[in-house]
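Data first, discussion second: the structure below is written as structure tokens.
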Amino acid sequence: MNIVVMTGSPNKNGVTMYLADKFIDGAEKAGNTVKRFDTAFMDIEFCRGCNYCRDHETQCVFDDNFAALRQAVEECDLLVWVSPVYYFTVSAQFKRAIDRFHAFGRGLRNRPAKTMLIAACADARPQAADTIKDYFRKFTDYIHWENTGELVALGAGDMAALLGTDYPAKAAEAGGALK
């Protein structure tokens with residue numbers, strides 16, 4: 001399986017990056033090909049809503065790192081969102097990349113592919129993750145891809161809290177279950 005993992009944490013040694021690492025380890029051990037894009041460290045302009053892409057066969061007006069992400073997403077079988085939960089949804093760095101999906105037009109819709117969500121939230125209450133899950137589900141529904149799972153590490157605001165849970169093992173297991 002050809003997998004694209006998009007991360008959104010600006011913390012290179014943080015909880016969601018660790019969960020991404022565990023997922024990728026599991027996926028690669030199962031024989032999958034994984035391409036990782038750490039959006040917080042990429043040169044990706046904010047979508048300006050100029051609609052240049054609509055008038056130029058989905059070509060964006062910006063020539064930045066999004067082009068490589070876009071190509072990988074167009075070729076993937078599974079797109080994995082990995083983001084910390086910041087004020088109930090994805091990080092701004094992650095959202096910047098998602099907004100650029102506008103340039104895909106309808107190109108992603110109706111092709112057989114899948115999505116998965118991995119997120120970490122300092123708040124341990126399940127409702128703290130409702131908005132990120134709803135946003136992810138609406139995205140998945142809009143492009144008509146299959147939601148293959150959602151792993152939200154609740155109460156995992158730092159590495160000490162995360163390592164006291166089974167979330168890292170669950171992330172590795174989710175990656176390892178893919179073929």
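The values are calculated or read from the model by the stated rules, or taken from the named source; none is laboratory data. Note that this is a predicted model, so its numbers are computed, not measured. Every residue, glycine among them, receives a Cβ derived from its backbone with ideal geometry; neighbour counts consider all protein chains shown. Side chains are part of the model used for accessible areas, which takes the heavy atoms of the whole protein and leaves out ligands, DNA and RNA. Shrake-Rupley method; radii C 1.70, N 1.55, O 1.52, S 1.80 Å.
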Rounded to one decimal in nm, the spacing of the 7 Å Cα→Cβ label points at Glu173 and Asp130 is 2.7 nm
Check: the stretch 40-179 dipole with +1 on Lys, Arg Cβ and -1 on Asp, Glu Cβ, in debye:
320 debye
Using +1 at the C-beta of Lys and Arg and -1 at the C-beta of Asp and Glu, which of Ala171, Met1, Thr148 has the Cα lying farthest in the positive direction of the dipole of the chain?
Thr148
Take Asn13 and Glu57, extend 7 Å from each Cα along the Cα→Cβ direction, and tell me the distance between the two endpoints in nm.
4.8 nm
Using only Cα atoms, what is the ratio of the radius of gyration of the stretch 41-156 to 2.2 N^0.38 Å?
1.10
Which distance in Å, rounded to a whole number, links the C-alpha centroids of the stretch 1-29 and the stretch 32-97?
16 Å
Please report the accessible area of Asp25 (heavy atoms, 1.4 Å probe, ligands and nucleic acids excluded) in Å², nearest 10.
70 Å²
Toy charge model, Lys and Arg Cβ at +1, Asp and Glu Cβ at -1: the stretch 104-153 dipole around Cα centroid in debye, rounded to 20, equals 280 debye
Sum -39500 (n - 2.57) across every DSSP H segment of at least 4 residues in the chain, then divide by the residue count to get the 222 nm mean residue ellipticity, nearest 500.
-10500 deg cm²/dmol
Pull up the cross-link candidates among the aspartates and glutamates for Lys170, meaning alpha carbon to alpha carbon under 14 Å and not fewer than 8 places away within one chain.
Asp21, Asp25, Glu150
Calculated FRET value between Met159 and Asp25, using beta carbons and R₀ = 22 Å, to 0.05
0.85
Which one, Leu78, Ala103, Thr115, is farthest towards the positive end of the dipole of the stretch 72-171 when Lys and Arg carry +1 and Asp and Glu -1 on their Cβ?
Ala103
